[in-house]
Amino acid sequence: MTKKKQVGLIFGGNSSEYEVSITSAGNIYKAIDKDKFDVHPIWITNSGYVASEADSYKVLEEPGYMVEKNDKTANLSNLIELASRPELDVLFPIVHGNLGEDGVLQGLFRLIDKPFVGVDVLAAAVTMDKEFTKILAQRAGVPVAKWVSIKRYEYEDAKNQKLSYDWVSGQLGTSNLFVKPSNQGSSVGITHVTDDSNYAEALAEAFKYDDKVLVEEGIVGTEVETAVLGNDHPVVSGVGRIINADNTWYSYENKYSTESTTTLQIPAQIPAETAEKVQENALKIYQVTECSGMARVDSMLRESDGEVIFNELNALPGFTNISMYPKLFEEAGISYPDLITRLIRLAEERYAHKKTLLHKHD
């Protein structure tokens, strides 16, 4: 009988996407092939410490479960808590947002010498920053929405022209703008701005979450997404379409609320040549950002000319019941349990390869 692999499923964290992480982890725990893997949940509480295994199981059953405040130290300095777990063969992080998909956890995994699911340190840091992802996408020849970046020192300068809606809209050539933190996910901190009435408020909201804010031109058209799976030879799924109700956009509430007015169309009912372009662009961006394991690539189909415009890349997509990433691969014939198994195998393959690289003179 083949020995089961011991998987550490890491979730939660001090992030605006804390609840999404717990939901995703619960779905992964239910779907993972229990004949191949023993799963050990590792809950990082919202206050930042590693919970016991008993509490970690409990919160997967009851996502609203909280532990009593105690003397445990925050910021993962109580990693000794993991000593009570069995020796883990591979780590599966599903910690979204801050300290989870920005390279911080990935660096820890490299330091403790464990294989882990998802992108490596560089790709995590680069793809968490929307501006750097855009720059690399442009380098790969993929069209992106025009943008203006504002650093905090510029925001604190009352005379800076970037604080003027008229100036920024003039630079971008449109009154239809989105203001968003550069390092944030799931539409957190994003405001749709169409005139000067809420531009200052939009900047203030975005700067709550990051020290760099992007003001982007709003692309009028259809939002589409595709999923990528693999290391050196990745495969790209089909294309899904986001259908928003009139006068709405794909906000945090529309992504995760039970009262969402957004629907997913899989596969997207778009021309075949357009779908191929979406997939081609997704592969280019996945490779130029040096992603491995998985990523979801989001684009807009511009209404005026049909051009495929890259929006953003999510290197740790959600695994909730309504998340596009697993649904796209399910449509492609890869079931949820098989997808999880493939992700774990890809982590092990990358780890094994890294072990062949020299870090000192032979």
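The values are calculated or read from the model by the stated rules, or taken from the named source; none is laboratory data. Remember, it's a predicted structure, so these values are computed and weren't measured experimentally. Using ideal geometry, Cβ is built from the backbone for each residue, glycine included, and neighbour counts are taken over all protein chains shown. Surface areas here come from the heavy atoms of the whole protein model, side chains and all, with no ligands, DNA or RNA. Shrake-Rupley method; radii C 1.70, N 1.55, O 1.52, S 1.80 Å.
Values for this structure:
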read-out	value
Residues of segment 141-159 classified as open to solvent by less than 30 Å² (accessible area, probe 1.4 Å), in a loop (DSSP other than H, G, I, E, B) and not β-branched (Val, Ile, Thr), total	1
Test: residue in segment 193-214 that is among the small types (Gly, Ala, Ser), open to solvent by 10 Å² or more (accessible area, probe 1.4 Å) and under 23 Å from ASN314 (Cα atoms)	no
Every residue from segment 233-254 that is open to solvent by 30 Å² or more (accessible area, probe 1.4 Å) and either at pLDDT below 90 or more than 20 Å from the chain's Cα centre (by Cα) (or both)	HIS233, ILE243, ASN244, ALA245, ASP246, ASN247, THR248, TRP249, TYR252, GLU253
Residue within segment 276-294 that is part of a strand (DSSP E or B) and of a type in the set (A, V, I, L, M, F, W, C) present	yes
For SER175: the one exception among (1) in contact with a Ser or Thr (Cβ under 7 Å, 6 or more places away or on another chain); (2) touching a residue at least 24 places away in the same chain (Cβ under 8 Å); (3) not in a helix (DSSP H, G or I)	(2)
Residue list for segment 263-315, filter: aromatic (Phe, Trp, Tyr) and touching a residue at least 60 places away in the same chain (Cβ under 8 Å)	PHE310
Where GLN138 falls short, out of the listed (1) crowded, with 21+ Cβ neighbours inside 10 Å; (2) closer than 29 Å to MET294 by Cα; (3) not β-branched (Val, Ile, Thr)	(1)
Failed criterion for ASP195 (all others in (1) closer than 23 Å to ASP298 by Cβ; (2) touching a residue at least 24 places away in the same chain (Cβ under 8 Å) hold)	(1)
Count of segment 169-182 residues which are closer than 16 Å to GLU131 by Cβ and either surrounded by 21 or more Cβ atoms within 10 Å (Cβ to Cβ) or more than 28 Å from the chain's Cα centre (by Cα) (or both)	7
Subset of segment 116-128 (residues that are surrounded by fewer than 20 Cβ atoms within 10 Å (Cβ to Cβ) and in contact (Cβ under 8 Å) with a residue 24 or more places away in the chain)	LEU122
Lone unmet requirement of (1) in contact with a helix residue (DSSP H, G or I) (Cβ under 6 Å, 6 or more places away or on another chain); (2) of a type outside the set (Val, Ile, Thr); (3) part of a helix (DSSP H, G or I); (4) surrounded by 21 or more Cβ atoms within 10 Å (Cβ to Cβ) for ALA347	(1)
Residue count, segment 87-124 (criterion: under 19 Å from GLY318 (Cα atoms), in contact with a strand residue (DSSP E or B) (Cβ under 7 Å, 6 or more places away or on another chain), hydrophobic (A, V, I, L, M, F, W, C) and outside any loop (DSSP other than H, G, I, E, B))	4
Count of segment 321-335 residues which are surrounded by fewer than 18 Cβ atoms within 10 Å (Cβ to Cβ) and within 20 Å of the chain's Cα centre (by Cα)	3
Top-ranked residue in segment 197-231 [being within 19 Å of LYS146 (Cα to Cα) and not in a strand (DSSP E or B); ranked as farthest from the chain's Cα centre (by Cα)]	TYR199
Within segment 297-324, tally of residues that are aromatic (Phe, Trp, Tyr) and at pLDDT 95 or above	1
Of residues in segment 1-31 being open to solvent by 10 Å² or more (accessible area, probe 1.4 Å) and part of a loop (DSSP other than H, G, I, E, B), the one nearest to ILE190 (Cα to Cα)	SER16
Residue ID - surrounded by the most Cβ atoms within 10 Å (Cβ to Cβ), chosen from residues in segment 350-361 that are in a loop (DSSP other than H, G, I, E, B) and of a type outside the set (A, V, I, L, M, F, W, C)	LYS355
Contacts under 9 angstrom Cβ, first residue in segment 130-152 being more than 11 Å from ILE309 (Cα to Cα), partner of a type in the set (Phe, Trp, Tyr) and outside any helix (DSSP H, G or I), 6 or more apart	LYS130/TRP147; GLU131/TRP147; THR133/PHE310; ILE150/PHE207; ARG152/PHE207
